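The structure under discussion appears below in the form of structure tokens.
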Amino acid sequence: MGWIDALRGETVALDTAPLIYFIEEHPVHAGKLQPFFEAAEHGEFQVVTSYLTLLEVLVHPLRMGRDDLVREYRNIFLRSASLRPVSVDDAIAAEGARLRALYNVRTPDAIHLATALQAGAKWFLTNDLRLPALTGLSILTLDHLPAA
């Protein structure tokens, strides 16, 4: 399964875009993400994400009046055994501020990266090419990953 094999037994932090691409069946990326989410469902690795992700995924469906998508996102986010949401606490806020100061990343990105670091993630799945390389955290960018 290629890149997914490297994730086995690890903690993987999830950015917002991959979740949106999977749920809303993005024509390019949904196929790459299907085996990722299946492996997570089978407990092959743990997936963590910030509660900020919930805020971000709900914006577009709310604007579009898509209550069905709102329910689907909330159900997956709050009830999935394979996804552990992480609250923004003082340690994540402090680490996020440090990352903003050092790398000039946007606040949401700083929170996502700080969440990954605080949760002990080895990998961060995203499609954001602007993220900095951080010691101990490998960035997996969907556009650069082969199909699983």
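Bear in mind these aren't lab numbers, they're just calculated from the coordinates by the rules spelled out. In this text the structure is predicted, and so the values were computed from the model without any measurement. For neighbour counting, all protein chains shown are included, and Cβ atoms are generated from backbone atoms with ideal geometry for every residue, glycine included.
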Fraction in percent of alpha-carbon pairs per bin - 10 Å, the stretch 71-148
17, 44, 33, 6
Cα principal axis extents for the chain, largest first, Å:
38, 37, 26
Put a dot 7 Å past each Cα toward the Cβ at ARG74 and LEU62; how far apart are the dots in nm?
1.1 nm
Among 99-111, 130-142, what's the highest-first ranking by average C-beta atoms within 10 angstrom per residue?
99-111, 130-142
Treat every Asp and Glu Cβ in the stretch 42-148 as -1 and every Lys and Arg Cβ as +1, leave all other atoms uncharged, and give the resulting dipole magnitude about the Cα centre to the nearest 20 debye.
80 debye
Starting from the Cα of ARG106, step 7 Å along the direction of its Cβ; do the same at ARG8; then give the gap between the two resulting points in nm.
3.6 nm
Taking the Cα centre as origin and putting +1 on Lys and Arg beta-carbons and -1 on Asp and Glu beta-carbons, what dipole magnitude results for the stretch 36-91, to the nearest 20 debye?
220 debye
